[in-house]
Amino acid sequence: MFQVTVMIHASDSKIQLIRTQDASVDVLVGSKLLTSYHFGLGLHKPIFHPLKAPNGKSVTRGFPMEFGIPGEHTDHWHHEGVSFTYGDVDGIDFWAKYGPRGDNPGSGKIRHTGFTRIESGEVGRLTSTADWITPVGKVVLRQEADFTFRAESDWQAIDLSFVLTAQKEKVTFRDTKEGMMALRLASQLREDKSGRYLNAAGKEAEAGVWGKRSAWVALRGTINGEGVTVALINHPESAGYPTYWHARGYGLFSANPFGRKDFEKGSVPLNFSLEPGRSANFRYRILVHSGKLTLQEMERQFQNYVETSSKSHEQK
């Protein structure tokens with residue numbers, strides 16, 4: 001595949017992107033790690049791991065990429081850092097990871113195919129491509145992902161845009177709760193520890209946000225005695241806006257626009273489809289902010305995302 005890579009490694013760049021030798025790209029704010037993008041062949045899908053707060057503390061779970069972290073829960077091996085995937089694409093599960101089971105051919109994989117931009121500067125930019133591949137090796141979707149990294153003294157953010165294009169056959173995202181833009185939060189942010197969800201309607205906790213539609217959900221909690229907010233914001237131009245939320249008290253934090261049948265009992269399945277050659281765009285911001293943001297502060301963060309991301313798209 002033809003590949004163009006732009007590298008800017010100026011030491012005075014506010015945000016530096018550095019491609020490493022172990023199939024990853026490190027994203028630094030000054031000299032401190034914000035996150036790393038991992039894309040090696042051993043992965044089921046590309047992921048960001050870890051995701052750091054401005055104080056350097058990780059807000060995502062280490063497991064299964066790291067073992068032996070005190071107090072960390074080790075359930076759900078497929079909950080890896082930050083990922084974009086889905087649990088039922090024409091019967092193929094890209095969310096979980098397992099081999100053949102009887103008549104089930106096993107899970108699909110999202111395989112990184114290249115970079116078209118790796119750029120440091122006042123903001124960082126990373127653009128990658130990937131294929132969604134069935135267990136028998138058929139490419140059903142092509143993915144172009146664009147990531148923009150921003151930071152100030154008390155917050156850090158990743159703007160994520162995924163364009164999925166159907167290939168030779170129609171593709172249907174069958175209704176399931178298992179998807180789509182997902183984080184697995186650090187165990188200290190579980191609801192039985194310090195965490196509590198909040199959505200744009202002011203509803204709180206898993207009971208208030210799970211299965212509901214909202215422009216954003218924020219998880220507010222404490223890590224090592226310091227307050228933090230981890231928010232996932234859905235862009236108004238994103239497919240399926242406002243998204244449903246698969247946000248669990250044990251730490252799975254996921255925006256899922258296509259799970260209507262699971263989220264609204266008795267509803268008609270959405271079964272979102274793409275004809276061959278047609279595309280859909282999914283856009284989100286992950287915000288990690290010092291302190292516990294209020295409803296009003298989160299509304300301002302939503303407006304800021306819409307305004308700054310629109311300017312970024314104009315400058316592409």
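Side notes on the structure shown:
- In the set 285, 300, only one residue is in a strand (DSSP E or B) and among the basic types (Lys, Arg); that residue is 285.
- For region 254-279, filtered to residues that are in contact with a Leu (Cβ under 8 Å, 6 or more places away or on another chain) and more than 14 Å from residue 86 (Cα to Cα), the residue that is surrounded by the fewest Cβ atoms within 10 Å (Cβ to Cβ) is 279.
- Count of region 129-152 residues which are among the basic types (Lys, Arg) and assigned to a strand (DSSP E or B): 2
- Residue list for region 230-244, filter: assigned to a strand (DSSP E or B) and either within 13 Å of the chain's Cα centre (by Cα) or surrounded by fewer than 24 Cβ atoms within 10 Å (Cβ to Cβ) (or both): 230, 231, 232, 233, 234
- Residues in region 26-37 that are free of Cβ contacts under 8 Å to residues at least 40 places away in the same chain and within 17 Å of the chain's Cα centre (by Cα): 26, 36.
- Residues (buried (at least 21 other Cβ atoms within 10 Å of the Cβ) and over 20 Å from the mean Cα position of the chain (by Cα)) located in region 282-303: 293
Here, each number is a calculation from the coordinates, and none is a lab measurement. Quick caveat, the model's predicted, so the values are computed rather than measured. Virtual Cβ from ideal backbone geometry, glycine too; neighbours counted across all protein chains shown.
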